[in-house]
1. Hey, how many Å between the Cα centroid of segment 195-213 and the Cα centroid of segment 66-134?
2. For Cys27, Cys195, what's the largest-to-smallest order of accessible area, 1.4 Å probe?
3. Name all residues of segment 245-276 having a backbone nitrogen under 19 Å from the label point set 7 Å from the Cα of Asp167 along its Cα→Cβ direction, giving them as ranges.
4. Tally up the carbon and sulfur contribution to the accessible surface of the chain as a whole percent, 1.4 Å probe, everything protein left in place.
5. In the chain, which longest range has no GluC sites (Glu not before Pro) that are both DSSP loop (not H, G, I, E or B) and surrounded by at most 13 other Cβ atoms within 10 Å?
6. What distance in nm separates the simple spin-label points at Arg157 and Arg125, each placed 7 Å from Cα in the Cβ direction?
7. Return the FRET efficiency for the residue pair Ser98, Arg177: r is the Cβ-Cβ distance, R0 is 51 Å, and the value is rounded to the nearest 0.05.
8. Can you list the residues of segment 75-105 with backbone N under 14 Å from a point 7 Å past the Cα of Ser25, pointing along Cα to Cβ?
Amino acid sequence: VGFIVVSSWLSEQTIRDVRIERGHSHCVTVGQDLRINYRITNEKRFLPSLAIEIVEAGLPNRAFVANAPPRRSVGTRSVNSFVRRGIYPLGTVTISTSFPFGLFRKERDVEIPGEVLVWPRTDRRVRAPMAGAGRSAHAGLAARGALGARGEYRSLRGYRPGDDPKDIHWRSSARLRQPVTREYERDGADTRWVCLDTRGEPGEAVEVAVEVAAALMADAVAERRPFALVAGDVLLEPGDGTAHLERALDILARVDFAESDPAPHPPIHAASCVLVAVRPSGGFGDVYAVGPDARLDAAATPAAA
């Protein structure tokens, strides 16, 4: 009986006065590893915390700390991957131990709010849009052009992640003691407008449609072409570069699908846009149709739409 009592007491002491912190990147792409870092601080004066496991609801893998000395902090991590895009909330972190003899497992829950944003893949192979599709010089948003690294000089602004370092204005940066970059005007007719139709039941087909839209925008970035996105009632105005692509991927990670959603309504003429849809509509310059079996019809033409 004394052996059991000592084992229970040691297990309880191991997770007592233990503080835990979590750190991770804001987002990750489907199929890639996400490293979630934990810092364990043992606030006890004399006793170490041994053999601690860290588990989070919704995450498949766990982290482990062999020894956290008294009044010391140690780090560990778990590596996880996701097979679906979306928002994965994080909340309850469970620390547990069966030290020293494995007779008891003591657990303690710690609430650490957070979330992981899982982006869709951007490496799906898709054909290039048809000549002229996705471009427009109509009045409105497209006519204002996108901000990029080519075209007529517009102004100076603060540096944003993804900006071309060649555009940094060093004299102004030194004066203001923060990075400042040049802003240029790009021809709005060069913008690729991607419209994602959100009408459809959640499933494999709509996920393929999201990946096609992401791939079209990633291809535009590789071509140094500005692009814009219409997804449901969300509009991302024309822009270019990796930072603009990240904003688009944030939108695609959060977009929902429903049969009752309205058809996409871009702010420019539909004939100047590229449509990605499970349920194709007419009037668009080009159509990427995804069948119910999640097969991409790469041969869709404006006439077929």
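The values are calculated or read from the model by the stated rules, or taken from the named source; none is laboratory data. The structure displayed is predicted, hence computed values, not measured ones. Neighbour counts run over all protein chains shown; Cβ positions are idealised from the backbone, glycine included. All accessible areas refer to the heavy atoms of the entire protein, side chains included, with ligands and DNA or RNA removed. Shrake-Rupley method; radii C 1.70, N 1.55, O 1.52, S 1.80 Å.
1. 25
2. Values: Cys27 30, Cys195 0 Å².
Heavy-atom accessible area, descending, gives Cys27, Cys195.
3. 245-249
4. Details: 8040 of 15480 Å².
Summing carbon and sulfur atoms, their accessible area is 52 percent of the total for the chain.
5. Values: sites that count: Glu223, Glu259.
Longest gap between qualifying sites, sites excluded: 1-222.
6. Roughly 3.7 nm, to one decimal.
7. Step by step, r from the Cβ atoms, then E = 0.40.
8. Answer for segment 75-105: 79-82.
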